[in-house]
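K.L.:
Here it is, the structure, as structure tokens.
The values are calculated or read from the model by the stated rules, or taken from the named source; none is laboratory data. If you're wondering where the values come from, they're calculated on a predicted model, not measured in any experiment. Cβ placement follows ideal geometry from the backbone for every residue including glycine, while neighbour counts extend to all protein chains displayed. We work out accessible area using only protein heavy atoms, side chains counted, and drop any ligands, DNA or RNA first. Shrake-Rupley method; radii C 1.70, N 1.55, O 1.52, S 1.80 Å.
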Amino acid sequence: MADDKLPVIALQAGTAAQGCSRRQLVRGAAFAACAPALGALVGCARRISPERDVNVAPPVDGQLVVSPSDVRELARAGGAVIAHNPCISTPVLIVNTGSGFLAMGARCPHANCEIAWVQEDRQAECPCHGSRFAGDGTVLSGPATTDLPTYPAALDASGAVVVNLFAGDKVFPPVKNGSVTIDLSDPKYRPLQSAGGAVVGHPDGSPSPIVVTRPTTDPAAPNGGFLVLFAVCPHLSCTVQPLAGRLHCPCHGSVFLLDGTVINPPAVDSLPPVPFTFQPGLSGPGTIIVEQLGVTC
């Protein structure tokens, strides 16, 4: 049975629903889907909102924007929806806890069922097999053994819920219109003023960290001697780090030259380049504009 959706279950007119907790409702819905003969569970269930699954606009610069005025479930404390869009590989559970908003991956890592929010416990539960997760995505009880991914979520000035699917580390500026503009005069980028320098960071809105390197300061070198590479080691996706004029994977020891060429296994592929342009400064080091970092579909 493809039990990845929580069904909508409604009481018949006049059916009593007293004494039923939200936990019972979630589990009851799953049991009713898997075993229709257990009609008593349906009798105990309140209606699961038909607005639980919502289609949303594609993310822009790594951010989902959902208006509570359009999605009524999010306008109330305890309301929760699962946001879907073809551009998002995993749907996102968005919750109004009453004191703020939470967002996390909506598929249980055990068997890929969609999870549900249990407001009375401020936890998420898988209705298929009972796994429980804290509001920060931490797995509390099995059979799942892996935490859920979580995403920063907050209201913007217009009152919309903004979910940052690719939260960065603030080393580089955030993605805007698919690009990142790096002012090389910022003290954070001082290592790039010398040959052999490198700076690794993860811009907000980018699905991947990047590394800006400077193999040479030769005035004849193109783009001021700068290069931009994706900073994910091709071996097992760890983030590479600068080390002694090279790039080093801290997980398994792969080593790369500053142009991305792999020179030490276990990685066998080089770090791919990222498109960018360099604008020399009139009296300073200039600006790098990193392109095509946003998610498109």
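K.L.:
Work out from phi, with θ = phi - 60° and the Karplus expression 6.51 cos²θ - 1.76 cosθ + 1.60, the ³J(HN,Hα) of each residue of segment 234-242, listed in order in whole Hz, and give x for Gly and Pro.
P.N.:
Taking θ as phi minus 60°, the curve returns x, 6, 9, 6, 6, 8, 6, 9, x Hz for segment 234-242.
K.L.:
Take every Cα-Cα distance within segment 229-292, group them into 10 Å bins from 0 onward, and report for each bin the whole-number percent of pairs it holds.
P.N.:
Spelled out bin by bin, segment 229-292 gives 23, 41, 25, 9, 1 percent.
K.L.:
Looking at segment 196-274, what % of the alpha carbon pairs are farther apart than 21 Å?
P.N.:
Cα-Cα pairs in segment 196-274 separated by more than 21 Å: 22 percent.
K.L.:
Right, here's the next one. Can you list the equivalent-ellipsoid semi-axes of segment 209-250, largest first and in whole Å, using the square root of 5 times each Cα gyration tensor eigenvalue?
P.N.:
In descending order the semi-axes read 23, 11, 6 Å.
K.L.:
Follow-up question, since we're still on this one. Calculate one ³J(HN,Hα) per residue across segment 208-213 by plugging θ = phi - 60° into the Karplus curve 6.51 cos²θ - 1.76 cosθ + 1.60, and present them in order as whole Hz with x for glycine and proline.
P.N.:
My calculation for segment 208-213 gives 9, x, 10, 10, 9, 10 Hz in order.
K.L.:
If you average 1/r across every pair of different Cα atoms in segment 157-297 and take the reciprocal, what Kirkwood value do you get, in Å?
P.N.:
Kirkwood hydrodynamic radius for segment 157-297: 15.6 Å.
K.L.:
Counting Lys +1, Arg +1, Asp -1, Glu -1, what net charge surrounds PHE276 among other residues with beta carbon under 13 Å of its beta carbon?
P.N.:
Values: positive: ARG214; negative: GLU291.
Surrounding charge for PHE276 is 0.
K.L.:
Now for a different question. Using amide H atoms built 1.01 Å from N in the peptide plane, name the residues 5+ places from GLN123, or on other chains, whose amide H lies under 5 Å from its own.
P.N.:
VAL118
K.L.:
Considering only protein heavy atoms and a 1.4 Å probe, what is the carbon-and-sulfur percentage of the accessible area of segment 242-297?
P.N.:
The computed percentage sits at 57.
K.L.:
Using the Kirkwood formula over every pair of different C-alpha atoms, what hydrodynamic radius in Å results for segment 116-223? All intermediate terms of the calculation are to be shown ahead of the outcome.
P.N.:
On the way: mean 1/r = 0.0574 Å⁻¹.
Result for segment 116-223, one decimal place: 17.4 Å.
K.L.:
On average, how much accessible surface per residue is there in segment 62-169, in Å², for a 1.4 Å probe, leaving out ligands, DNA and RNA? The partial results should precede the final answer.
P.N.:
Numbers: 4330 Å² over 108 residues.
Value for segment 62-169: 40 Å² per residue.
K.L.:
OK, next. Taking amide H atoms as placed 1.01 Å from N in the peptide plane, list the residues 5 or more away in sequence, or in a different chain, whose amide H sits under 5 Å from that of SER185.
P.N.:
Answer set, sorted by chain and number: GLY286.
K.L.:
Across 5 Å bins from 0, what is the distribution of all Cα-Cα pair distances for segment 45-153, in whole percents?
P.N.:
2, 13, 25, 25, 20, 11, 3, 0, 0
K.L.:
Can you work out ³J(HN,Hα) from phi for every residue in segment 93-105, in order, using Karplus 6.51 cos²θ - 1.76 cosθ + 1.60 and θ = phi - 60°, giving whole Hz and x for Gly and Pro?
P.N.:
After applying 6.51 cos²θ - 1.76 cosθ + 1.60, I find 7, 10, 10, 9, 7, x, 10, x, 10, 10, 9, 7, x Hz.
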